[in-house]
Amino acid sequence: MSVLDMIGPVMIGPSSSHTAGACRIGLLARAILDATPEKAAITLHGSFAKTGRGHGTDRALVAGLLGMKPDDGRLPDALAEAERAGLALSWSEGNLGNLHPNSVRLALDGEGRHTTVVGSSIGGGVVEIVEIDGVGVRFGGARHTLLVGHEDFYGAIATVTRVVADDRVNIAALSSNRDRRGGEAVMCLELDARLSGEALAWIARIHGMNWVRMLPPVMDEG
Amino acid sequence: MAGFTLRELEAVPGRASEWVLEHDCAETGADPEAIRRTMRERLGLMRASVTAGLASTEKSLTGMVGWNAHGLWSAADVLNAPLLRRVQAYAMAVNEENARMRRIVAAPTAGSAGTVPGALLGVADHLGIGDEALVMPLVLAAGIGQAISRQMHISGSAGGCQAEIGSSAAMAAAAVTELLGGSARACVHAATLALANSIGLVCDPVGGFVEVPCVSRNAFFSVHAVCAAQLALARLESFIPPDEVVGAMASVGRMLPPELRETGEGGLATTPTGLAVTARVRGDGS
């Protein structure tokens with residue numbers, strides 16, 4: 001967390017948790033889908049469900065899904081922008097479990113892809129993505145983030161970190177989880193720089209790797 | 001654990017803000033000059049929010065606020081307390097801009113965005129200090145926020161209003177203290193005094209909107225920050241050590257029931273008037 005997260009972000013009001021944080025969760029979910037979303041089923045949890053509309057959370061989430069940043073002047077009109085962009089929205093409120101009160105689940109479809117992302121806005125515009133396609137993860141989008149969805153097998157992490165090392169990129173934080181033994185796993189590497197296209201392609205070719213995403217940092221705009 | 005404690009910051013021999021900047025750049029790899037440049041830009045945005053907010057009487061989305069900053073700024077100074085009036089008006093100007101869904105600088109949150117510019121720009125303008133001298137105090141304000149967030153989430157939903165406005169007042173108090181020549185120790189104690197005297201404030205916004213009581217609360221806590229700076233500059237200190245005060249606030253935040261943590265289910269939000277406004281704005285009541 002940088003000093004620019006404390007005096008900042010520069011954002012459209014009225015709430016850093018409910019507007020800026022929500023927008024960033026939308027941006028990260030869009031980057032995880034890696035496509036222009038055409039359908040979004042949005043489930044608001046806790047305080048997001050109770051006061052989300054008052055704080056503009058709905059508009060901010062959608063703004064992020066449309067690729068807008070928290071300081072984008074079009075954010076207050078995001079729902080109308082979504083209609084123009086052909087993004088179909090459905091809303092519900094639900095208990096997503098033992099999560100931070102400002103949490104949301106985004107089930108996205110676009111360009112033939114589908115993903116379900118759960119994220120929390122934990123204060124001052126800082127966010128955490130806590131689940132992707134049912135697998136627990138934990139990253140904040142403050143750094144370049146490499147996500148790899150893969151089959152759960154021995155050596156999976158070592159083969160990926162070998163490629164990252166050969167690309168001469170340093171790993172700042174690393175986490176990994178799976179839905180069950182031998183099932184679907186997601187590894188999450190927070191990096192000090194973006195991985196090269198060659199390295200990403202190399203990882204995608206490794207046997208057992210299902211998908212690879214290189215997410216840009218979402219905390220340094222403004 | 002990443003970050004630094006207030007005890008470490010308090011012991012810095014030189015300017016506390018310089019130490020915060022060095023520490024931050026070592027951790028993130030950022031260029032100190034780039035951080036200073038961005039802070040300078042954000043200071044300019046704060047200044048723009050103050051100017052726009054003092055001039056505007058446009059109502060917020062719900063119509064609950066929008067004329068407070070202008071109203072105070074154009075009223076007679078009956079107390080003959082120009083610093084007080086300036087600090088309050090600046091703070092509300094920023095928060096009313098926020099409630100109009102305009103672009104603001106969160107400090108550390110949007111709901112508490114008026115406190116730091118209210119206190120820092122208010123004091124500087126009162127004393128005739130130029131904006132360039134405010135850049136590093138703003139970095140220190142951010143550093144105080146970092147040290148607080150080491151022990152607790154800075155959000156009304158996690159810790160009540162104390163976590164938001166208490167943090168913003170602590171940040172502002174340290175910034176004003178450094179601006180007026182206070183040592184690192186004085187800056188940290190200014191922040192601590194501000195924080196210790198914010199413990200227990202609940203987050204009960206009417207209808208869930210960042211308007212009532214948020215706008216007036218920024219006026220109150222920008223003055224609270226100046227009060228803390230005044231004590232610390234006279235070498236008064238917090239009896240309870242700084243990091244212990246943060247810990248106390250974090251523990252109180254955990255004790256607060258969910259109804260008083262930004263859910264709009266208690267306090268001012270559930271007064272008859274609060275409920276009526278909520279029903280009207282959401283369009284699901286009379």
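The values are calculated or read from the model by the stated rules, or taken from the named source; none is laboratory data. What you are looking at is a predicted structure, and each value in this text was computed from that prediction instead of being measured. A quick note on method: Cβ atoms are made from the backbone with ideal geometry, for glycine too, and the neighbour counts reach across all protein chains shown. Keep in mind that these areas ignore ligands, DNA and RNA; they rest on the heavy atoms of the full protein, side chains included. Shrake-Rupley method; radii C 1.70, N 1.55, O 1.52, S 1.80 Å.
Annotations for the structure displayed:
- Identity of the residue in the range B:4-35, more than 15 Å from residue A:3 (Cα to Cα) and charged (D, E, K, R), that ends up least open to solvent (accessible area, probe 1.4 Å): B:10
- Residue list for the range B:210-255, restricted to those being in contact with a Gly (Cβ under 7 Å, 6 or more places away or on another chain) and over 30 Å from residue A:55 (Cα atoms): B:232, B:233
- Residue within the range A:81-102 that is within 22 Å of residue B:211 (Cα to Cα) and of a type in the set (S, T, N, Q) present: yes
- Scanning the range B:246-257 for residues that are within 14 Å of chain A (Cβ to nearest Cβ) and either open to solvent by 70 Å² or more (accessible area, probe 1.4 Å) or not in a helix (DSSP H, G or I) (or both) yields B:254, B:256, B:257.
- Within the range A:114-150, the set of residues being farther than 29 Å from residue B:108 by Cβ and hydroxyl-bearing (Ser, Thr, Tyr) comprises A:115, A:116.
- Taken over the range B:168-218, residues that are within 21 Å of residue B:158 (Cα to Cα), outside any helix (DSSP H, G or I) and not acidic (Asp, Glu) amount to 12.
- Taking the range A:119-201 and the strands (runs of 3 or more DSSP E) fully enclosed by it, the elements with 3 or more residues that are touching a helix residue (DSSP H, G or I) at 6+ places or on another chain (Cβ under 9 Å) are at A:126-132, A:144-151, A:171-178, A:184-191.
- Conditions (1) open to solvent by 10 Å² or more (accessible area, probe 1.4 Å); (2) among the aliphatic types (A, V, I, L, M); (3) not in a loop (DSSP other than H, G, I, E, B): number failed by residue B:144: (1)
- Filter result for residue A:84 (open to solvent by 10 Å² or more (accessible area, probe 1.4 Å) and within 19 Å of the chain's Cα centre (by Cα)): no
- Helices (runs of 4 or more DSSP H) completely within the range A:1-91 that count 1 or more residues being facing chain B (nearest Cβ under 7 Å) and within 19 Å of residue B:112 (Cα to Cα): A:3-6, A:46-51
- The single residue among A:106, A:99 that is closer than 26 Å to residue A:37 by Cα, in contact with a strand residue (DSSP E or B) (Cβ under 8 Å, 6 or more places away or on another chain), in contact (Cβ under 8 Å) with a residue 24 or more places away in the chain and not in a strand (DSSP E or B) turns out to be A:99.
- Test result for residue B:238, surrounded by fewer than 24 Cβ atoms within 10 Å (Cβ to Cβ), on the phi < 0 side of the Ramachandran plot and part of a loop (DSSP other than H, G, I, E, B): yes
- Residue check for residue A:57: surrounded by fewer than 24 Cβ atoms within 10 Å (Cβ to Cβ), on the phi < 0 side of the Ramachandran plot and of a type in the set (Ser, Thr, Tyr): no
- Of the helices (runs of 4 or more DSSP H) lying entirely inside the range B:1-75, the ones with 2 or more residues being modelled with pLDDT of 95 or more and more than 14 Å from every other protein chain (Cβ to nearest Cβ) are found at B:6-10, B:32-55, B:68-74.
- Filter pass, residue B:195 being more than 18 Å from the chain's Cα centre (by Cα), more than 14 Å from chain A (Cβ to nearest Cβ) and closer than 20 Å to residue B:139 by Cβ: no
- Options A:153, A:139; residue that is among the hydrophobic types (A, V, I, L, M, F, W, C) and open to solvent by 50 Å² or more (accessible area, probe 1.4 Å): A:153
- Residues located in the range B:180-200, provided they are crowded, with 24+ Cβ neighbours inside 10 Å and hydrophobic (A, V, I, L, M, F, W, C): B:184, B:186, B:187, B:188, B:190, B:191, B:193, B:194, B:195
- Candidates are the residues of the range B:258-286 that are among the small types (Gly, Ala, Ser) and assigned to a helix (DSSP H, G or I); the one that is farthest from the other protein chains (Cβ to nearest Cβ) is B:276.
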